[in-house]
Amino acid sequence: MPAKRAYTDHGDACATAHAMELLGDRWTYPVLRELMLAPKRFNELAEGVRGVTPAVLTARLRELEAVGLLERVELPAPARATGYRVTDWGRELGPVFSALGRWAQASPVWRPHGCGLTPDAAVQSMLTMAPAVVLDPPVQLQLRLRDGRIADSQLYTYRLDWAAELSITRDPAPAAHATVTGDSTTWIGVLYEGVPLTEVQVEGDPAEVRRVVSFFTHSAQ
């Protein structure tokens, strides 16, 4: 099979065209989304990128590594395995993806009803849709989310800090005001769709959780 020609091969020096060339494959964003917060093993990526086959995922990881968006790393204990992470250059796509997510909310052909989100996708949605408000006093939550659509799916722990702006990292938060544990799609329903907070488990101060939820509920209206 002949090599695919790049836009520059046709005499087009547009950098944006080159960007779309790098990102245009349907699997590129889901792969990068699942790695933006922290590295993952191949099996974790296969679970998070729904619909991709192992062969296609392997090929796409190889391509993203070749263009400098991903790199292989040795994960520390307890994993002790080869994983993938976004490069520093690839991480600069964060604001671009957030802008695309907000733009896509108005798509006339987007039909998300009946679909769900992985834990990392749920967190990326929060980072995308959080209003630009300052929380005083600041709030810190711990989120423990799993993909309820998959049996025995892995539980991921996130640290949410909101003061001047919202920040969420894949880290424990032992001093958090409250811990939310549950299915990532249900948690998104709590944030945007009026699903009762009782549908997830809350340990600690539920008022602090409701405080955070209120900003997303208002932004969805």
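Taken over the stretch 118-166, the residue count meeting the criterion of being hydrophobic (A, V, I, L, M, F, W, C), touching a Pro at 6+ places or on another chain (Cβ under 6 Å) and over 12 Å from Val212 (Cα atoms) is 1. Of the listed requirements (1) open to solvent by 80 Å² or more (accessible area, probe 1.4 Å); (2) modelled with pLDDT of 95 or more; (3) over 17 Å from the mean Cα position of the chain (by Cα), Pro108 misses just one: (2). Among the numbered conditions (1) under 20 Å from Glu21 (Cβ atoms); (2) part of a helix (DSSP H, G or I), the only one that Gly68 does not meet is (2). Among the residues of the stretch 64-80, is there at least one that is closer than 23 Å to Leu127 by Cβ, more than 17 Å from the chain's Cα centre (by Cα) and open to solvent by 60 Å² or more (accessible area, probe 1.4 Å)? Yes, the stretch 64-80 contains a residue that is closer than 23 Å to Leu127 by Cβ, more than 17 Å from the chain's Cα centre (by Cα) and open to solvent by 60 Å² or more (accessible area, probe 1.4 Å). Of the set (1) more than 15 Å from the chain's Cα centre (by Cα); (2) within 24 Å of Asp161 (Cα to Cα), all apply to Cys115 but (2). Here the stretch 168-179 is the region considered, the condition is being more than 20 Å from Ala38 (Cα to Cα) and in contact with a helix residue (DSSP H, G or I) (Cβ under 7 Å, 6 or more places away or on another chain), and the residue that is surrounded by the fewest Cβ atoms within 10 Å (Cβ to Cβ) is His177. List pairs: first residue in the stretch 82-98 and of a type in the set (D, E, K, R), second residue open to solvent by 30 Å² or more (accessible area, probe 1.4 Å) anywhere in the structure, Cβ distance under 9 angstrom, at least six positions apart or on different chains. Cβ pairs passing all conditions: Arg85/Pro39; Arg85/Glu71; Arg85/Arg72.
If only one of Trp27, Trp103 is under 26 Å from Ile150 (Cα atoms) and either out of contact with any Phe, Trp or Tyr (no Cβ under 9 Å at 6 or more places or on another chain) or of a type in the set (D, E, K, R) (or both), which one is it?
From the options Trp27, Trp103, the qualifying one is Trp27.
Listed here are the strands (runs of 3 or more DSSP E) enclosed by the stretch 82-199 that have at least 2 residues being on the phi < 0 side of the Ramachandran plot and charged (D, E, K, R): 139-146, 156-162.
From the set of residues in the stretch 200-220 that are more than 22 Å from Arg33 (Cβ to Cβ), part of a helix (DSSP H, G or I) and of a type in the set (Val, Ile, Thr), which is least open to solvent (accessible area, probe 1.4 Å)? Once the filter is applied, the top-ranked residue is Val209.
Gly90 passes every criterion in (1) over 17 Å from Asp120 (Cβ atoms); (2) modelled with pLDDT of 95 or more; (3) in contact with a helix residue (DSSP H, G or I) (Cβ under 8 Å, 6 or more places away or on another chain) apart from (1). When we screen Leu57, Leu22, Leu45, Leu32 for residues that are closer than 26 Å to Ser184 by Cα, part of a helix (DSSP H, G or I), in contact (Cβ under 8 Å) with a residue 40 or more places away in the chain and among the aliphatic types (A, V, I, L, M), the only hit is Leu32.
Which residues, counting only those in the stretch 126-153, are surrounded by 10 or more Cβ atoms within 10 Å (Cβ to Cβ) and closer than 19 Å to Glu199 by Cα? Walk me through how you get there before you give the answer.
From the stretch 126-153, those surrounded by 10 or more Cβ atoms within 10 Å (Cβ to Cβ) are 126-131, 133, 135, 138-150, 153; that's our starting set.
Listed by number, the residues that qualify are Met126, Leu141, Gln142, Leu143, Arg144, Leu145, Arg146, Asp147, Gly148, Arg149, Ile150, Ser153.
The values are calculated or read from the model by the stated rules, or taken from the named source; none is laboratory data. Because the structure is predicted, anything quoted here is derived from the model rather than measured. Positions of Cβ are generated from backbone atoms using ideal geometry, with glycine treated the same way; all protein chains shown enter the neighbour counts. Note: areas computed on protein heavy atoms with side chains; ligands, DNA, RNA excluded. Shrake-Rupley method; radii C 1.70, N 1.55, O 1.52, S 1.80 Å.
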